[in-house]
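S.K.: My questions all concern the structure below.
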Amino acid sequence: MRTCNVKVPGRLAAFLSALALSLTLGGGLGWAENEVSTADHSKFKELKGPFPTGPDVTRACLQCHTEASKQLHKTKHWTWSVVNPDTGERLGKRNVINNFCGSVVSNEARCTSCHIGYGWKDGTFDFTSEANVDCLVCHDTTGKYRKFPAGAGHPVYQPTEWPAGSGRMMQPPDLAEIAQNVGPTSRRNCGTCHFLGGGGNAIKHGDLDLSMVEPGRYLDVHMSPGRLNFTCSTCHSGDAHAVQGSRYTTKAKDTNGIDIPGRTDGSRASCESCHGLEPHPAAANAKLNEHTDRIACVTCHVPQFARGGYATKMWWDWSTAGRLDENGKPIKVHNSDGLEVYSGMKGDFRWGEHVTPEYRWFDGSVDYTLFGDTVDGGEVVSINKYGGSADDPDSRIWPFKVMRGKQAYDKGLQTLAVVHTFGKDDSAYWRNYDWDKAVDAGMASVGAVYSGELGFVETEMAWPITHMVAPKEDAVTCVECHSRNGRLAGIEGVYMPGRDRTGWLDFLGWTAALLALLAVLAHGAVRYYAHTRRS
Amino acid sequence: MNATRIYIFKRFERFWHWAQALLIIVMAVTGFEIHGTYGLLGYETAQEVHTTAAWLLIGLWVFAIFWHFTTGEWRQYIPTADKLMAMVRYYLTGIFTDAPHPFRQTTLRKHNPLQRLAYLFVKLIINPAIWISGLLYLYYSAWPALGLDGLSLAGVAFVHTAAAFLMLVFFVVHVYFATTGHTWTSHIKAMITGYEEVESG
């Protein structure tokens with residue numbers, strides 16, 4: 001065999017390998033496509049089935065993946081509860097009250113259709129049960145697995161009508177087929193819950209909706225299947241089922257540099273973990289890299305949210321809920337785009353598509369208004385207050401979807417109310433449309449006694465926008481912020497060329513220039529007049 | 001009345017003058033766009049052109065300063081009170097009545113006393129103010145590394161804008177005074193050819 005032994009200088013070798021790498025990536029090979037499992041789950045006798053219930057599948061999974069449930073038990077996906085190490089606040093879906101559906105407590109069976117478990121229907125759920133972890137909702141590759149919306153995390157096991165009274169039947173999934181086709185998580189898996197938060201597609205986040213299952217390049221450069229084909233877990237990486245990247249403890253500025261094994265490889269859930277803090281090439285305007293200290297990447301690179309074709313909810317006014325038709329059914333009103341703008345169950349809605357985010361200083365700290373925190377109804381309540389200011393070098397300007405609305409609060413106790421909306425019992429709001437009964441039951445579920453005085457208070461909740469990263473040609477341009485009434489008009493504490501000026505200096509300067517011009521014109525006119533008269 | 005031609009402005013001086021004029025116009029147009037006064041090229045292009053022009057102008061200034069000192073031409077800007085009031089009176093009255101120009105231009109004294117003062121003000125006050133505030137502005141992100149944390153961008157921008165307005169006023173007056181020579185255009189021609197027409201005695 002002939003070998004070719006050519007000595008390649010180091011620099012050239014580096015160039016060639018970089019070229020080879022760029023050709024490989026440029027050739028359309030996505031990261032996810034390279035993942036090839038060494039196991040074909042359809043060949044495992046443990047997965048032959050039949051499986052009467054979800055937990056039966058999990059028990060089969062655990063025969064090989066012995067530690068999986070124990071790992072998941074430690075995660076927020078399972079506990080829905082986390083203590084913010086900075087504030088000591090107990091957060092997580094189980095503890096916070098938001099201004100969409102309200103709170104999980106007392107409505108478990110509905111809300112936990114997005115829990116990665118089976119059977120969390122009330123306060124008695126066993127959080128130590130390994131069989132109650134739902135493997136399939138995250139690892140199904142067939143797209144056929146679906147939890148029943150009101151089944152406390154279970155799929156249906158016999159044909160069941162949903163929505164109730166609609167005549168449409170949900171069919172039980174073939175659990176054996178799904179179990180034999182498990183694989184790595186996909187955009188669809190995560191989207192099953194994260195794209196549908198708040199009660200339906202696109203409602204909650206604004207930057208996460210079903211358009212992100214197969215996004216075009218214009219919608220998300222990283223996740224578009226045409227090129228990089230990132231899944232959620234490409235960035236939200238993690239070992240032992242602990243997924244990185246959380247709204248509760250956000251990194252406003254990742255100064256770790258590019259994460260590589262052997263140095264820091266903790267989390268890829270920040271732009272900087274791959275792009276670093278000097279992401280723009282030398283050929284680009286040098287000022288771009290100088291912005292990374294005060295401007296989050298997404299501030300420029302996510303110019304708008306809800307731009308995949310689905311509107312997101314921007315306003316939800318619970319105070320108008322309760323209008324019923326002559327049959328006692330909640331009234332529904334849709335606008336010309338087919339969007340629900342009033343629901344007797346939930347109140348008034350406003351929607352937004354292609355929404356320009358609101359911008360605020362953010363240092364990564366979030367302070368929640370939790371149950372028991374004083375709400376007197378006098379001013380707009382920030383459900384979650386984001387810390388940060390221009391004076392803090394670790395703060396950056398971030399984009400947010402700000403969800404606004406009105407929601408119930410207990411005037412006597414001066415706290416946001418826990419409302420029992422869903423349930424088959426007499427006190428559930430969606431059964432009797434009686435606020436007092438629903439709040440009384442809701443408050444009781446957290447050990448409080450409703451004062452009997454109900455009010456509605458305006459609230460706002462900020463959601464950092466990090467997804468739907470546009471191609472660079474669609475990034476926010478300089479003038480969109482560097483102008484008198486640009487995107488950052490409301491940002492305080494920094495001098496921005498094009499936005500800011502000293503008013504009296506401009507007045508004085510232009511006046512002086514104008515007077516000088518008038519003076520020389522007058523001088524010239526007199527000269528001209530005198531000159532022509534003489535000749 | 002006869003006119004004679006004397007060689008006043010050397011080749012480098014003329015190149016320096018016109019190149020500087022062009023750069024200052026470009027910088028004013030792009031600068032006030034960056035300032036948010038109007039939209040013309042687009043903010044990013046304006047910023048890029050402004051920065052490029054700034055470096056060219058700084059390069060030009062370096063050559064010009066070298067030229068002034070090696071040729072001794074810097075002496076042309078030493079202020080003098082001689083005929084100063086006569087010049088003021090000339091521009092206020094004499095120029096309208098065709099009175100004789102009180103100052104006689106020569107190669108060694110190419111600027112009248114008012115010009116000397118004006119150009120000295122530009123060179124010692126406006127230019128350094130623009131130059132220093134502009135470089136600080138440009139290197140805003142390096143302030144912490146340079147130990148300049150105490151500066152405020154608003155303050156630097158204020159100085160830069162104020163100096164720009166001074167330059168604008170100078171520009172307007174300067175362009176007008178270019179027409180006040182022996183004829184309406186003789187000064188301008190002199191700046192192009194180097195030869196000034198002066199009244200012969």
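The values are calculated or read from the model by the stated rules, or taken from the named source; none is laboratory data. The structure displayed is predicted, hence computed values, not measured ones. Cβ placement follows ideal geometry from the backbone for every residue including glycine, while neighbour counts extend to all protein chains displayed.
S.K.: Please go through segment A:140-161 and pick out each residue that is part of a loop (DSSP other than H, G, I, E, B), touching a strand residue (DSSP E or B) at 6+ places or on another chain (Cβ under 8 Å) and exposed (fewer than 15 other Cβ atoms within 10 Å of the Cβ).
M.R.: A:P159 - this is the single residue of segment A:140-161 that is part of a loop (DSSP other than H, G, I, E, B), touching a strand residue (DSSP E or B) at 6+ places or on another chain (Cβ under 8 Å) and exposed (fewer than 15 other Cβ atoms within 10 Å of the Cβ).
S.K.: Among the candidates A:F400, A:F371, single out the residue that is touching a strand residue (DSSP E or B) at 6+ places or on another chain (Cβ under 9 Å) and closer than 30 Å to B:D149 by Cβ.
M.R.: Of A:F400, A:F371, the one residue that is touching a strand residue (DSSP E or B) at 6+ places or on another chain (Cβ under 9 Å) and closer than 30 Å to B:D149 by Cβ is A:F400.
S.K.: Are any residues in segment B:66-97 surrounded by 13 or more Cβ atoms within 10 Å (Cβ to Cβ) and among the aliphatic types (A, V, I, L, M), and if so, which ones?
M.R.: Within segment B:66-97, B:L84, B:A86, B:M87, B:V88, B:I95 qualify.
S.K.: Touching a strand residue (DSSP E or B) at 6+ places or on another chain (Cβ under 8 Å) and either modelled with pLDDT under 95 or more than 9 Å from chain B (Cβ to nearest Cβ) (or both): does that describe A:E453?
M.R.: yes
S.K.: Yes or no: A:A519 free of Cβ contacts under 8 Å to residues at least 60 places away in the same chain and within 7 Å of chain B (Cβ to nearest Cβ)?
M.R.: Values: free of Cβ contacts under 8 Å to residues at least 60 places away in the same chain: yes; within 7 Å of chain B (Cβ to nearest Cβ): no.
No: the conditions fail for A:A519.
S.K.: Okay, next question. Looking only at segment B:83-120, count every residue that is of a type in the set (V, I, T), within 14 Å of chain A (Cβ to nearest Cβ) and touching a residue at least 40 places away in the same chain (Cβ under 8 Å) and tell me the total.
M.R.: At the first step, the residues of segment B:83-120 found to be of a type in the set (V, I, T) are B:88, B:93, B:95, B:97, B:106-107.
Within this subset, residues satisfying the condition of being within 14 Å of chain A (Cβ to nearest Cβ) are B:88, B:93, B:95, B:97.
Within this subset, residues satisfying the condition of being touching a residue at least 40 places away in the same chain (Cβ under 8 Å) are B:95.
Qualifying residue count for the region: 1.
S.K.: From A:T292, A:T312, A:T249, A:T255, grab the single residue that is surrounded by fewer than 15 Cβ atoms within 10 Å (Cβ to Cβ), out of contact with any helix residue (DSSP H, G or I) (no Cβ under 6 Å at 6 or more places or on another chain) and among the hydroxyl-bearing types (S, T, Y).
M.R.: Exactly one residue qualifies, and that residue is A:T255.
S.K.: Are any residues in segment A:346-356 assigned to a loop (DSSP other than H, G, I, E, B) and surrounded by fewer than 19 Cβ atoms within 10 Å (Cβ to Cβ), and if so, which ones?
M.R.: Listed by number, the residues that qualify are A:E353, A:H354, A:T356.
S.K.: Further question: Do the conditions hold for A:A522, that is, is it more than 58 Å from the chain's Cα centre (by Cα), farther than 30 Å from A:A390 by Cα and either in a helix (DSSP H, G or I) or among the aromatic types (F, W, Y) (or both)?
M.R.: For A:A522, the condition - more than 58 Å from the chain's Cα centre (by Cα), farther than 30 Å from A:A390 by Cα and either in a helix (DSSP H, G or I) or among the aromatic types (F, W, Y) (or both) - is met.
Results for (1) of a type in the set (A, V, I, L, M); (2) more than 25 Å from A:D174 (Cα to Cα); (3) in contact (Cβ under 8 Å) with a residue 60 or more places away in the chain, shown as yes or no for each residue.
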residue: A:E89; (1), (2), (3): no, yes, yes
residue: A:N95; (1), (2), (3): no, yes, yes
residue: A:R110; (1), (2), (3): no, no, yes
residue: A:H115; (1), (2), (3): no, no, no
residue: A:T124; (1), (2), (3): no, yes, no
residue: A:A131; (1), (2), (3): yes, no, yes
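S.K.: If you check B:V198 against the conditions, is it β-branched (V, I, T), more than 13 Å from chain A (Cβ to nearest Cβ), over 30 Å from A:N285 (Cβ atoms) and outside any helix (DSSP H, G or I)?
M.R.: Numbers: β-branched (V, I, T): yes; more than 13 Å from chain A (Cβ to nearest Cβ): yes; over 30 Å from A:N285 (Cβ atoms): yes; outside any helix (DSSP H, G or I): yes.
When the stated conditions are applied, B:V198 passes them.
S.K.: In segment B:142-151, is there at least one residue being among the charged types (D, E, K, R) and either under 21 Å from B:A53 (Cβ atoms) or touching an Asp or Glu at 6+ places or on another chain (Cβ under 9 Å) (or both)?
M.R.: Within segment B:142-151, none of the residues are among the charged types (D, E, K, R) and either under 21 Å from B:A53 (Cβ atoms) or touching an Asp or Glu at 6+ places or on another chain (Cβ under 9 Å) (or both).
S.K.: Next question. Name the single residue, out of those in segment A:492-513 being more than 9 Å from chain B (Cβ to nearest Cβ) and in a helix (DSSP H, G or I), that is farthest from the chain's Cα centre (by Cα). Don't jump to the end; show me each part of the working.
M.R.: Taking segment A:492-513 as the starting set, the residues that turn out to be more than 9 Å from chain B (Cβ to nearest Cβ) are A:492-493, A:503-504, A:507, A:511.
Within this subset, residues satisfying the condition of being in a helix (DSSP H, G or I) are A:503-504, A:507, A:511.
Details: A:G503: 40, A:W504: 44, A:F507: 45, A:T511: 50 Å.
Out of the qualifying residues, it is A:T511.
S.K.: What do you reckon, is B:R14 among the charged types (D, E, K, R), farther than 30 Å from A:E480 by Cβ, exposed (fewer than 13 other Cβ atoms within 10 Å of the Cβ) and more than 14 Å from chain A (Cβ to nearest Cβ)?
M.R.: When the stated conditions are applied, B:R14 does not pass them.
S.K.: Among the residues of segment A:171-185, count how many are assigned to a loop (DSSP other than H, G, I, E, B) and not β-branched (V, I, T).
M.R.: Adding up the residues that qualify gives 8.
Residues are listed down the side, and each one gets a yes or a no for (1) within 30 Å of A:G378 (Cβ to Cβ); (2) more than 14 Å from chain B (Cβ to nearest Cβ); (3) without any contact (Cβ under 8 Å) to a residue 60 or more places away in the chain:
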{"position": "A:K424", "(1), (2), (3)": "no, yes, yes"}
{"position": "A:D436", "(1), (2), (3)": "yes, yes, yes"}
{"position": "A:E460", "(1), (2), (3)": "yes, yes, no"}
{"position": "A:H467", "(1), (2), (3)": "no, yes, no"}
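S.K.: Any chance you could count how many residues in segment B:98-121 are surrounded by 14 or more Cβ atoms within 10 Å (Cβ to Cβ) and of a type in the set (G, A, S)? Explain how you work it out, then say what you get.
M.R.: Initial filter on segment B:98-121 (surrounded by 14 or more Cβ atoms within 10 Å (Cβ to Cβ)): B:101-103, B:105, B:109-121.
Then drop every residue that is not of a type in the set (G, A, S), which leaves B:118.
Matching residues across segment B:98-121 total 1.
S.K.: How about segment B:139-156: which of its residues are surrounded by 15 or more Cβ atoms within 10 Å (Cβ to Cβ) and either within 15 Å of B:N127 (Cα to Cα) or among the acidic types (D, E) (or both)?
M.R.: B:V156, the sole residue that qualifies.
S.K.: How many residues does segment B:174-183 hold that are touching a residue at least 40 places away in the same chain (Cβ under 8 Å) and within 11 Å of the chain's Cα centre (by Cα)?
M.R.: 1
So that you can scan it fast, the table gives a plain yes or no per residue for (1) within 14 Å of chain A (Cβ to nearest Cβ); (2) among the small types (G, A, S); (3) under 30 Å from B:K83 (Cα atoms):
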{"site": "B:N127", "(1), (2), (3)": "no, no, yes"}
{"site": "B:S133", "(1), (2), (3)": "yes, yes, no"}
{"site": "B:L138", "(1), (2), (3)": "yes, no, no"}
{"site": "B:S141", "(1), (2), (3)": "yes, yes, no"}
{"site": "B:A163", "(1), (2), (3)": "yes, yes, yes"}
{"site": "B:V169", "(1), (2), (3)": "yes, no, yes"}
{"site": "B:H182", "(1), (2), (3)": "yes, no, yes"}
{"site": "B:T185", "(1), (2), (3)": "yes, no, yes"}
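S.K.: Given the structure, is A:T250 under 18 Å from the mean Cα position of the chain (by Cα), closer than 22 Å to A:R360 by Cα, β-branched (V, I, T) and assigned to a loop (DSSP other than H, G, I, E, B)? Break it down stepwise before answering.
M.R.: Working: under 18 Å from the mean Cα position of the chain (by Cα): yes; closer than 22 Å to A:R360 by Cα: yes; β-branched (V, I, T): yes; assigned to a loop (DSSP other than H, G, I, E, B): yes.
Considered against the rule, which asks whether it is under 18 Å from the mean Cα position of the chain (by Cα), closer than 22 Å to A:R360 by Cα, β-branched (V, I, T) and assigned to a loop (DSSP other than H, G, I, E, B), A:T250 comes out as yes.
S.K.: Let me ask another. For segment B:60-94, name all the residues that are basic (K, R) and in contact with a Phe, Trp or Tyr (Cβ under 8 Å, 6 or more places away or on another chain).
M.R.: B:K83
S.K.: Would it be correct to say that B:G155 is over 25 Å from B:V26 (Cβ atoms), within 13 Å of chain A (Cβ to nearest Cβ) and among the small types (G, A, S)?
M.R.: For B:G155, the condition - over 25 Å from B:V26 (Cβ atoms), within 13 Å of chain A (Cβ to nearest Cβ) and among the small types (G, A, S) - is met.
S.K.: Let me ask something else about it. Of these, B:T80, B:T30, which one is of a type in the set (S, T, N, Q), more than 22 Å from B:M191 (Cα to Cα) and within 14 Å of another protein chain (Cβ to nearest Cβ)?
M.R.: Answer to the selection: B:T30.
S.K.: Looking only at residues that are polar (S, T, N, Q) and without any contact (Cβ under 8 Å) to a residue 40 or more places away in the chain in segment A:140-184, which one is farthest from A:R431 (Cα to Cα)?
M.R.: A:T142
S.K.: Let me ask you something else. Yes or no: A:R527 more than 7 Å from chain B (Cβ to nearest Cβ), of a type in the set (D, E, K, R) and under 30 Å from B:T97 (Cβ atoms)?
M.R.: no
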